[in-house]
Amino acid sequence: MTLVTAGVVVLDCAEPEKLAAFYKELLAAEETHATANRIEIRGADGTRMAFRRDVNATPPSWPRPENSLQVHLDFRVEDLDEVERRVIGLGGRPLDTKDAGGPYEERGYADPAGHSFTLLRVVPTAPKQH
């Protein structure tokens, strides 16, 4: 018997309506449930998120060291530049947009409420030879 049927990432924020609108556009999502203090969405790929009203919510200050990063979201994308323009157009802001080395190209951002997220692009590799 399955005890948990679905997981939902929940972000606390002062204005869930505004934050839900940001992520609905970014993830091509639909609203699946809403109350006065919580909005849930499901992205085109099945990603489930909710936004809970907390008038005292304060985002982490990452990358500043005085308030460590507690959690962040990763989103895989095909075109970093295109998605970066979209993020900024929707009200997000860059935090760390230097291209990092390694198996991923990644850039860090904050959503309009200050929650951290990373856009990741997997660097293509040559197919295995048989």
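General remarks:
- At the residue level, Ile41 shows approximately 0 square angstrom of accessible surface with a 1.4 angstrom probe and all protein chains present.
- Of the residues Phe75, Phe117, the one with the largest accessible area comes first in the ranking Phe75, Phe117, computed with a 1.4 Å probe on protein heavy atoms.
- Ordered by solvent-accessible area of protein heavy atoms (1.4 Å probe), largest first, the residues Thr35, Thr58, Thr47 come out as Thr58, Thr35, Thr47.
- Summary value for region 16-59: 34 percent relative contact order, contacts being C-alpha pairs under 8 angstrom separated by 6+ residues.
The values are calculated or read from the model by the stated rules, or taken from the named source; none is laboratory data. Keep in mind that what you see is a predicted model, and the values were worked out from it rather than measured. Heavy atoms of the whole protein, side chains included, go into the accessibility calculation; ligands, DNA and RNA do not. Shrake-Rupley method; radii C 1.70, N 1.55, O 1.52, S 1.80 Å.
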